[in-house]
Structures are given as C-alpha cells and as structure tokens.
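Have a look at the structure below, then the notes.
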Amino acid sequence: MEDKIKQDEIRIGDNIRQVRKDHHVGQTELVQILQLQGIDITRETLVKIERGIQHVKATQLRGIRDALNTSYDELLK
C-alpha cells in the first residue's frame, strides 16, 4: 500500500493548484502528463486533491513536482 500525504496542516492541494496555474497548465493537461509517466490519476482525483478532499499519494506528488518543474518546498509550504 502506498503512503499518502495528509493535508490537515499543510494545504498541499491549494499549493498544487497555485503552482499549476502559475505554470499555465490545465487540470486535464497535467493529468495527461502524469498518465504518460505511468502515474495512476484521473482528473476527478486531481480535483479532489486540489480541494483537499483526497490525500495525495507519494508517487502522484512526485509526478506533479516533476511535471510542473517545481520543488517539494513549493508544494508543501
């Protein structure tokens, strides 16, 4: 079972959304990039992560970091 990163104290979803928008990447485009990397994610899942409804998996977070060419520091601040 894969580790999940809880969003209780850190609003990871808000940070992901902001970095994604700063890079002018749409949700559908980000999901397509992640799927091409072999990461199991749907647009619905990304929406839930960004809204803080669903915890992000470690592999998803790594893929988002790489796809948006950012750092963990930016996503976890």
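The values are calculated or read from the model by the stated rules, or taken from the named source; none is laboratory data. Values in this document were obtained by computation on a predicted structure and should not be read as measured data. Note that each Cβ is placed from the backbone with ideal geometry, even for glycine, and that neighbours are counted across all protein chains shown. These accessible areas exclude ligands, DNA and RNA; they are computed on the full protein's heavy atoms, side chains included. Shrake-Rupley method; radii C 1.70, N 1.55, O 1.52, S 1.80 Å.
Values as computed for the structure displayed
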{"quantity": "Enumeration of residues in segment 53-64 that are open to solvent by 50 Å² or more (accessible area, probe 1.4 Å) and in contact with a helix residue (DSSP H, G or I) (Cβ under 6 Å, 6 or more places away or on another chain)", "calculated": "GLN54"}
{"quantity": "Residues of segment 65-74 that turn out to be of a type in the set (Gly, Ala, Ser) and surrounded by fewer than 17 Cβ atoms within 10 Å (Cβ to Cβ), as a count", "calculated": "1"}
{"quantity": "In segment 54-77, the residues that are part of a loop (DSSP other than H, G, I, E, B) and of a type in the set (A, V, I, L, M)", "calculated": "LEU68"}
{"quantity": "Pair list, Cβ under 8 Å, 6 or more apart: segment 30-58 residue of a type in the set (S, T, N, Q), other residue surrounded by 13 or more Cβ atoms within 10 Å (Cβ to Cβ) and not in a helix (DSSP H, G or I)", "calculated": "GLN35/ILE41; THR45/GLN54"}
{"quantity": "The listed residue being open to solvent by less than 80 Å² (accessible area, probe 1.4 Å), acidic (Asp, Glu) and assigned to a helix (DSSP H, G or I), out of GLU44, GLU50", "calculated": "GLU50"}
{"quantity": "Subset tally (residues that are outside any helix (DSSP H, G or I), open to solvent by 50 Å² or more (accessible area, probe 1.4 Å), at pLDDT 95 or above and over 16 Å from GLU74 (Cβ atoms)) for segment 17-41", "calculated": "2"}
